[in-house]
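The values are calculated or read from the model by the stated rules, or taken from the named source; none is laboratory data. Quick caveat, the model's predicted, so the values are computed rather than measured. Positions of Cβ are backbone-derived with ideal geometry, glycine not excepted, and every protein chain shown enters the neighbour counts.
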Amino acid sequence: MKVIVTTGQKVTESLIERAKMIADKLNVQFVFRNNDSVELIKRSSKADIIIVVTKQRIVAYTDEGELFFHLNMAQLRIQNIDRGQVDHMAMAMHLKKGMSVLDCTLGMGTDAIVASYIVGVEGKVVGVENSEVTSFIVKNGLEEFCVENVRLEKALKQIEVVQADYNQYLLSLPDKTFDVVYFDPMFRHPLKESVALKPLRAVADHRPIELQALKEAKRVARKYVVVKENRRSKEFERLFIENIVGGKYSNINYGVIQVGDENRKSNYNYWTNCCWKNKS
Ligand SMILES: C[S@@+](CC[C@H](N)C(=O)[O-])C[C@H]1O[C@@H](n2cnc3c(N)ncnc32)[C@H](O)[C@@H]1O
């Protein structure tokens, strides 16, 4: 996949310097904008992805649309959590203040932001992302995005982004490093309504979770391994995950493995408003 970096139309010396530094960091070519359209640059340079650096933000132009950091659903989910509503991911993870979470599939960081907000400054969230373009954009966004909500701002800033393949990264970690290890792979059957994830598809790692990775995740997790999947997917069966939870009307389910006790429904009382789909 050929990636190049350029600037927005409004150029200054400092913007060019910044764009060049980003190109160096990503080890890709920098191209002067020269007032050309992104489309023209894309065609003439035969690039798949053009990263455009402007004063306000960094945008990756892909065939599936523009990829840039934004809070997505994180802000709404956090508002709902603050109002006392259930967040099914947080429930599946049994998240509490002070916990540590390894998000193996960071993507645009929405789930990691929600997790970081709940675990707070006493906790820790590390997000692993294999796509260099995505991890760069999200890392930069988490560092630079400004929000009025101080707790949310802290939640963004404390997420540690690691550009790596989780298969390798998990192998490098000692036993029981994180309370929760989380996977949200690219859905085997993409949900039609997830338009926000469309540009991500152009740069994402689409491989399914290997059983070996799940085994490593169980070694690295102290409490839970959680896998998010489309309700209609057969992935839970393939991965031998039996405890499945999710909102009654949601297309999304979470497979929950309680480490050391995989066959037991974990803490049933915790699941108010949740429906169990235990097949055992
Ligand atoms: C569905 S998205 C995750 C969305 C994320 N949960 C969010 O809230 O924005 C899946 C992401 O996992 C990444 N991914 C898939 N396999 C990976 C791997 N082996 N190592 C690291 N990242 C991976 C993909 O590149 C993609 O960005």
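Cβ contacts < 7 Å: first residue exposed (fewer than 14 other Cβ atoms within 10 Å of the Cβ), restricted to region 1-28; second residue small (G, A, S), any location; separation 6+ or different chain. Result? Final answer for the pair search is K2/A47. In a residue-by-residue description of region 143-151, the property of being assigned to a strand (DSSP E or B) and either of a type in the set (D, E) or away from the ligand (no atom under 15 Å from the Cβ) (or both) applies to no position.
Assessment of region 215-238 against the conditions (charged (D, E, K, R), modelled with pLDDT of 95 or more, in contact with a Cys (Cβ under 9 Å, 6 or more places away or on another chain) and within 14 Å of the ligand (Cβ to nearest atom)) yields no matching residue.
Looking at (1) among the polar types (S, T, N, Q); (2) more than 15 Å from the ligand (Cβ to nearest atom); (3) in contact (Cβ under 8 Å) with a residue 12 or more places away in the chain, find the lone condition where Q85 falls short. Evaluating Q85 over (1) among the polar types (S, T, N, Q); (2) more than 15 Å from the ligand (Cβ to nearest atom); (3) in contact (Cβ under 8 Å) with a residue 12 or more places away in the chain leaves (3) as the failure. The numbered conditions (1) more than 22 Å from the chain's Cα centre (by Cα); (2) outside any loop (DSSP other than H, G, I, E, B) are all true for F32 except (2).
Matching residues to (1) within 15 Å of the ligand (Cβ to nearest atom); (2) surrounded by 22 or more Cβ atoms within 10 Å (Cβ to Cβ); (3) not assigned by TED's automatic domain parsing to the domain that holds F136:
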| site | (1), (2), (3) |
| --- | --- |
| L67 | yes, yes, yes |
| A92 | yes, yes, no |
| M99 | no, yes, no |
| M108 | yes, yes, no |
| A112 | yes, yes, no |
| G120 | no, no, no |
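Kindly indicate which of L214, L142, L156, L171 is surrounded by 14 or more Cβ atoms within 10 Å (Cβ to Cβ) and farther than 19 Å from G109 by Cβ. That would be L214, the only listed residue that is surrounded by 14 or more Cβ atoms within 10 Å (Cβ to Cβ) and farther than 19 Å from G109 by Cβ.
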